[in-house]
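The values are calculated or read from the model by the stated rules, or taken from the named source; none is laboratory data. Note that this is a predicted model, so its numbers are computed, not measured. When we count neighbours, we look across all protein chains shown, and the Cβ atoms used for this are built from the backbone with ideal geometry, even at glycine. Heads up: the accessible areas ignore ligands, DNA and RNA and are worked out on the full protein's heavy atoms, side chains in. Shrake-Rupley method; radii C 1.70, N 1.55, O 1.52, S 1.80 Å.
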Amino acid sequence: MNEAFIGYQSGVSLEQLKQQLQVDETVYYYLQYVDRIEGFSCQLPKRPLSPEGRMFNASLELRWTQNREGYDLLWLGTQPPPGEFQTMAGDWEYCDRPAKVYPSSETRLPKGVPEFSSDFNLQQRYFVDRDTAIVHFVALTVN
């Protein structure tokens, strides 16, 4: 297994979140609204940002959840998070596994990989506490 990094940040404004989501690398977004799940996308929509979602690529997943104070962010990565994140205590490692993608008619997630699926090799990254061998987080990643 490989060394992993987990960080979090609370009370982030919408503008700060949008800055975190604007990266120069190829990333994928998984957006969740109150009434629907938009699924996978290569770019953020022009309409208001979803209250929950994920941005991921081969090295990280950034999750956000909206609350009364702004947004809570969770960084799950193979590299340390940016300085504004607090490091989650623990000795973390990760391993990647293939993901099973379900058809869009299925209720389980993830489902329905979009048109760009020929280059989109979806995987799951397990974040494990080295001391207890407990999996605490499962992130989306691509290979």
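Among the residues of region 4-26, write down those that are under 25 Å from E93 (Cβ atoms), at pLDDT 90 or above and among the aliphatic types (A, V, I, L, M).
Hits for region 4-26 are A4, I6.
Taking R54 as meeting all but one of (1) under 19 Å from R97 (Cα atoms); (2) open to solvent by less than 10 Å² (accessible area, probe 1.4 Å), write down the number of the exception.
The failed condition is (2).
Can you go through Y33, Y71 and tell me which one is in contact with a helix residue (DSSP H, G or I) (Cβ under 6 Å, 6 or more places away or on another chain) and surrounded by 12 or more Cβ atoms within 10 Å (Cβ to Cβ)?
Result: Y71 is the single residue among Y33, Y71 that is in contact with a helix residue (DSSP H, G or I) (Cβ under 6 Å, 6 or more places away or on another chain) and surrounded by 12 or more Cβ atoms within 10 Å (Cβ to Cβ).
Which of the residues spanning region 42-59 are assigned to a loop (DSSP other than H, G, I, E, B) and among the basic types (K, R)?
Result: K46, R47.
Quick check on my filter: what residues within region 27-48 are at pLDDT 85 or above and within 27 Å of N143 (Cβ to Cβ)?
V27, Y28, Y29, Y30, L31, Q32, L44 - these are the residues of region 27-48 that are at pLDDT 85 or above and within 27 Å of N143 (Cβ to Cβ).
Does region 91-120 hold any residues that are at pLDDT 75 or above and under 15 Å from the mean Cα position of the chain (by Cα), and which are they?
Y94, D96, A99
Take T141 and tell me if it is modelled with pLDDT under 90 and either of a type in the set (S, T, Y) or more than 15 Å from the chain's Cα centre (by Cα) (or both).
no
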